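J.: Following this message is one structure expressed as structure tokens.
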Amino acid sequence: MLEAKARVRIPALVSRAETSRVPVRLEVRGKFLFEGDEKFYVKGVTYGAFRPDKEGREYQDHQRIEADFAQMAANGFNAVRIPHTTPPCSLLDAALRHGLRVMAGLSAEQFVGYLMDRKKAPDIEEIIRSKVRAIRGHPALLCYAIGNEIPAPTARWLGRRRVERYLHRIYRVVKQSDPRGLVTYVNYPTTEYLELPFLDLLSFNVYLESEERLRAYLARLQNIAGDRPLIMSEVGLDALRNSEIRQAVVLDWQVRAAFASGCAGVFVFSWTDEWHRAGAEVDDWKFGITRRDRTPKPALSVLRNAFAEIPFPADLHWPLISVVVCSFNGSRTIGGCLEAIGNIRYPAFEVIVVDDGSTDDTAAIAGQYDATLIRTPNHGLGHARNVGWQAASGEIIAYIDDDAYPDPDWLTYIAETLRNGNYGGVGGPNILPPHDGSIAACVANSPGGPRHVLLTDTEAEHIPGCNMALVRTALEAIGGFDECFRVAGDDVDICWRLQERGWKLGFSPSAQVWHHRRNSVRAYLRQQKGYGEAEALLEKKWPQKYNSAGHLSWLGRVYGPGPTRTLGTITRIYYGQWGSAPFQCLYERSGRIQSLLLMPEWYLANLAVVVIGTLGILWRPLFFFLTLLAISAGIPIANACASAARSRFAGQGFQLPLRVLTALFHMFQPAARLYGRLAHGLNVWRSHVPAGFTLPVVRKMATWTERWQAPEPRLEGIERYLRSKGIPVERGGECDHWDLQIQGGFWGGVRLLMAVEDHGAGTQYVRCRVWPKCFAPGLILSVTLALFSAGAALDRAGAASVLLALAALLSVYKTIRECGRASAVMLDGIRAQGIPTAEHQSMRALG
């Protein structure tokens with residue numbers, strides 16, 4: 001191994017410089033807005049509404065607008081939000097002269113009442129279209145806000161779906177008139193449940209006067225936004241009911257918390273105390289950061305300082321981070337990866353490239369960049385990751401794949417998340433790069449991609465290895481990566497090992513990287529086969545994580561785009577009593593159908609149906625199974641088509657071929673993963689229980705002991721003994737009437753319940769009950785085969801009856817065998833804890 005000393009780069013941590021040139025149109029790239037190649041953080045303030053002139057026109061005092069915009073620009077603002085009126089071109093021209101972007105309101109919420117009463121309804125689409133045409137393409141335009149806070153009672157009356165369809169219709173009108181224009185809808189917590197995946201960015205008005213609650217709610221909103229930018233379209237505090245000093249303090253942490261949480265921008269409400277609504281001046285609040293005469297309040301200077309330090313103050317302590325890129329034949333993409341790493345804005349980091357025995361130009365390309373290059377023979381991904389962190393100097397080891405490239409502030413958000421949470425590791429989104437090809441876009445909307453699994457809005461159960469940062473001390477404590485994982489699965493394994501040792505994993509929605517997806521059908525299916533192989537390795541090492549059918553049930557929910565809603569999903573809205581809840585959330589619960597449809601073994605089940613159906617040549621009623629096949633095969637097809645229809649693709653062109661290919665990926669991906677699983681021993685007939693047998697019956701045992709011990713250590717001792725033998729043992733949950741369970745296989749296992757009675761002076765009476773557990777799939781199979789065998793016998797179809805009876809007997813035999821094996825090893829574990837396993841045994845009668 002050739003190892004060179006790591007080189008540390010120390011660039012300046014600077015914000016985007018404001019310029020006076022004519023701006024280009026903003027683009028959405030992942031969680032942020034970009035102006036060309038520069039990230040654009042929205043530092044905005046709401047403006048108006050003001051008293052209209054005699055002709056009912058707003059924003060006609062050009063002298064006042066010029067003075068206000070000049071004052072805004074001088075204090076570090078770069079954006080203005082016009083919330084209730086579509087601004088005239090004269091206002092946009094003034095904004096352009098002062099380097100300000102404008103969020104233009106289209107006020108579609110004003111027409112939502114016509115959904116309830118269509119009498120004399122105007123042509124809403126034409127009204128919106130004319131507003132857009134008047135300002136489309138203006139260089140000062142930030143985005144269109146199609147509406148602002150549809151009242152919660154109105155949304156509840158109409159129903160969620162109807163409001164969503166209405167907003168989608170308005171969105172399409174805007175895109176037809178200005179295809180390149182960015183579109184948002186300004187929501188608020190009381191209608192948080194509205195699902196608007198078509199929007200380019202998410203905007204929320206949030207007024208919370210507790211920093212802790214605001215940060216928690218921002219984390220929730222970030223996960224609702226997904227891979228789109230989140231903008232706080234209104235934050236603020238009333239100086240009349242509080243004080244100007246209190247207003248300044250609250251606005252300071254509101255703005256800093258928003259940017260630290262990864263928001264793409266903030267609009268402060270409002271520029272001035274002058275405000276006009278519903279034909280009258282509003283004088284019973286003072287949300288303005290300037291007074292009516294435009295003299296500044298303390299909040300103005302506070303905001304100027306806060307905006308100058310986004311997303312984080314430069315004087316914070318930033319730990320050294322080692323960025324590790326592991327590559328095997330990655331010459332096609334590693335150059336772009338390392339170039340983007342070189343553009344990272346972070347005070348101190350080093351770059352280490354581990355070339356895992358590449359046979360292409362990977363090493364030569366990596367040598368052209370400011371990075372430490374380490375070349376090794378090809379030992380696989382797990383080994384390469386270990387080489388990387390062992391050669392690193394940083395407190396934090398940040399891993400990124402050679403086919404990914406980071407956002408300029410990637411490391412900053414990682415370091416901030418680790419600073420504020422007691423985490424052993426942290427990860428962020430991996431997003432499809434723009435213009436990556438149509439097949440890659442279909443792959444991004446298909447199952448089997450690298451996804452986070454979140455336990456809460458900030459804590460992860462799993463973080464993918466393509467964007468994973470680990471604390472060095474945590475890596476050392478668990479001994480690094482398991483090198484048996486050569487291609488995939490290493491990230492899942494290390495997440496479980498960290499959590500087993502008491503570490504938590506964090507999630508930062510703004511620590512984003514761009515990750516190229518497979519760009520051919522063959523490459524995608526080969527990747528899924530490899531993931532199936534990794535699942536088999538994981539199941540051998542972590543059998544307790546898998547159920548009897550060989551499937552892992554994640555505790556959290558999957559983050560990111562793609563097939564997040566399939567058949568069997570149930571949604572409910574929390575409205576509160578009489579619709580009064582200020583925060584109204586959407587709760588989602590997936591039914592059992594969803595998990596069954598995504599199982600690769602569904603294909604094996606269909607094959608079994610075909611085999612049984614072909615026996616119809618011996619007994620005609622078995623042809624019924626061929627009819628059942630049409631249903632069992634048709635449901636996944638329907639699910640694939642539904643998922644493809646919900647997929648999102650960039651652009652407004654003809655998308656039917658993309659959706660067809662996405663549907664095919666949904667159907668073929670389980671088959672590819674099944675092939676990998678079966679080839680490496682992960683199947684329904686596997687068993688991790690060693691040879692041995694005892695009659696699987698209910699057994700009760702008890703013993704008297706004068707050595708006091710809590711029930712938990714006794715059960716942990718049994719569990720520890722079983723795990724040392726490589727036996728998959730599962731702990732009972734909070735609602736289970738059992739303490740430990742062994743999975744003998746697909747057909748059956750055994751369960752244990754322990755009760756400990758205290759009798760004073762350190763004496764205890766320990767009771768155990770062990771009973772076999774027949775798992776439902778195997779039991780249903782046995783009963784079904786037996787019933788059909790009996791039916792064939794009654795119909796005098798002897799050959800079919802015998803074949804079905806043999807199959808039923810085989811299933812029963814497997815059940816008895818697996819329950820008996822599991823019972824034997826469970827009794828061994830109980831005896832290892834000094835508890836005799838003779839039934840009803842007691843060392844001393846109770847007195």
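J.: Do we have E66 as in contact with a Gly (Cβ under 6 Å, 6 or more places away or on another chain) and open to solvent by 10 Å² or more (accessible area, probe 1.4 Å) here?
T.: In short, no.
J.: Moving on to the next point. Return the residues of the range 1-57 that are modelled with pLDDT of 90 or more, assigned to a strand (DSSP E or B) and over 30 Å from L432 (Cα atoms); say none if nothing qualifies.
T.: V45, T46
J.: Filter the range 96-106 for residues that are more than 32 Å from the chain's Cα centre (by Cα), of a type in the set (G, A, S) and more than 14 Å from V42 (Cα to Cα) and give the result.
T.: Within the range 96-106, no residue meets the criteria.
Table: residues versus (1) within 21 Å of M103 (Cβ to Cβ); (2) of a type in the set (A, V, I, L, M, F, W, C).
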position: R220; (1), (2): no, no
position: A248; (1), (2): no, yes
position: A260; (1), (2): no, yes
position: F267; (1), (2): yes, yes
position: S270; (1), (2): yes, no
position: W275; (1), (2): yes, yes
position: G279; (1), (2): no, no
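J.: For the structure I just gave you, tell me whether D409 is open to solvent by 10 Å² or more (accessible area, probe 1.4 Å) and either in contact with a Lys or Arg (Cβ under 8 Å, 6 or more places away or on another chain) or under 28 Å from H317 (Cβ atoms) (or both).
T.: no
J.: Would you mention how many residues in the range 719-742 are of a type in the set (S, T, N, Q) and more than 13 Å from K773 (Cα to Cα)?
T.: Number of matching residues: 1.
J.: Can you find a residue that is buried (at least 24 other Cβ atoms within 10 Å of the Cβ), under 21 Å from W503 (Cβ atoms) and either within 24 Å of the chain's Cα centre (by Cα) or of a type outside the set (K, R) (or both) anywhere in the range 352-363?
T.: No - not one qualifying residue is present in the range 352-363.
J.: Within the range 621-649, track down each residue that is out of contact with any His (no Cβ under 8 Å at 6 or more places or on another chain) and either of a type in the set (G, A, S) or within 27 Å of L182 (Cβ to Cβ) (or both).
T.: Result: A630, S632, A633, G634, A638, A642, A645, R646, S647, R648, F649.
J.: Which residues, taken from the range 516-525, are open to solvent by 50 Å² or more (accessible area, probe 1.4 Å) and without any contact (Cβ under 8 Å) to a residue 12 or more places away in the chain?
T.: The one that is open to solvent by 50 Å² or more (accessible area, probe 1.4 Å) and without any contact (Cβ under 8 Å) to a residue 12 or more places away in the chain: R522.
J.: What residue, of L740, L695, L715, is in contact with a Leu (Cβ under 6 Å, 6 or more places away or on another chain) and in contact (Cβ under 8 Å) with a residue 12 or more places away in the chain?
T.: L740
J.: Checking E712 against (1) open to solvent by 70 Å² or more (accessible area, probe 1.4 Å); (2) under 32 Å from the mean Cα position of the chain (by Cα), only one condition comes out false. Which one?
T.: Status for E712: all satisfied but (2).
J.: Quick check on I150: is it touching a Leu at 6+ places or on another chain (Cβ under 9 Å) and closer than 30 Å to P23 by Cβ?
T.: In short, no.
J.: So which strands (runs of 3 or more DSSP E) stay within the range 718-824 end to end and still have 1 or more residues that are in contact with a Lys or Arg (Cβ under 6 Å, 6 or more places away or on another chain) and exposed (fewer than 14 other Cβ atoms within 10 Å of the Cβ)?
T.: Per the criteria, 748-758.
J.: Take L316 and tell me if it is open to solvent by 40 Å² or more (accessible area, probe 1.4 Å) and within 36 Å of the chain's Cα centre (by Cα).
T.: yes
J.: OK, next. Evaluate the range 207-225: report whether one residue or more is closer than 19 Å to N148 by Cα, open to solvent by 10 Å² or more (accessible area, probe 1.4 Å) and in contact with a Ser or Thr (Cβ under 7 Å, 6 or more places away or on another chain).
T.: No: zero hits.
J.: Within the range 683-700, identify whether any single residue is out of contact with any helix residue (DSSP H, G or I) (no Cβ under 6 Å at 6 or more places or on another chain), surrounded by 22 or more Cβ atoms within 10 Å (Cβ to Cβ) and within 23 Å of A776 (Cβ to Cβ), and answer yes or no.
T.: yes
J.: In addition: Every residue in the range 407-432 that is over 18 Å from the mean Cα position of the chain (by Cα) and part of a strand (DSSP E or B), please.
T.: Scanning the range 407-432 gives a single hit, G424.
J.: Here is a further query. Surrounded by fewer than 21 Cβ atoms within 10 Å (Cβ to Cβ), in contact (Cβ under 8 Å) with a residue 24 or more places away in the chain, more than 28 Å from R57 (Cα to Cα) and of a type in the set (A, V, I, L, M, F, W, C), is that true of A248? Quick ask: steps written out before the conclusion?
T.: Working: surrounded by fewer than 21 Cβ atoms within 10 Å (Cβ to Cβ): yes; in contact (Cβ under 8 Å) with a residue 24 or more places away in the chain: yes; more than 28 Å from R57 (Cα to Cα): yes; of a type in the set (A, V, I, L, M, F, W, C): yes.
Judged against the criteria, A248 is a match.
J.: Same structure, new question: Could you pull out the residue among T86, T46 that is in contact with a Pro (Cβ under 6 Å, 6 or more places away or on another chain) and among the hydroxyl-bearing types (S, T, Y)?
T.: Checking each option against the conditions leaves just T46.
J.: Which helices (runs of 4 or more DSSP H) does the range 277-388 wholly contain that include 1 or more residues that are in contact with a Lys or Arg (Cβ under 9 Å, 6 or more places away or on another chain) and over 18 Å from A404 (Cα atoms)?
T.: Helices (runs of 4 or more DSSP H) meeting the threshold: 298-308.
J.: Let me ask something else about it. Take the residues of the range 492-513 that are under 19 Å from P543 (Cα atoms) and out of contact with any helix residue (DSSP H, G or I) (no Cβ under 9 Å at 6 or more places or on another chain): which is most open to solvent (accessible area, probe 1.4 Å)?
T.: Q499
The values are calculated or read from the model by the stated rules, or taken from the named source; none is laboratory data. Bear in mind the structure is a predicted one, so any value in this text is a computation, not a measurement. Virtual Cβ from ideal backbone geometry, glycine too; neighbours counted across all protein chains shown. Note: areas computed on protein heavy atoms with side chains; ligands, DNA, RNA excluded. Shrake-Rupley method; radii C 1.70, N 1.55, O 1.52, S 1.80 Å.
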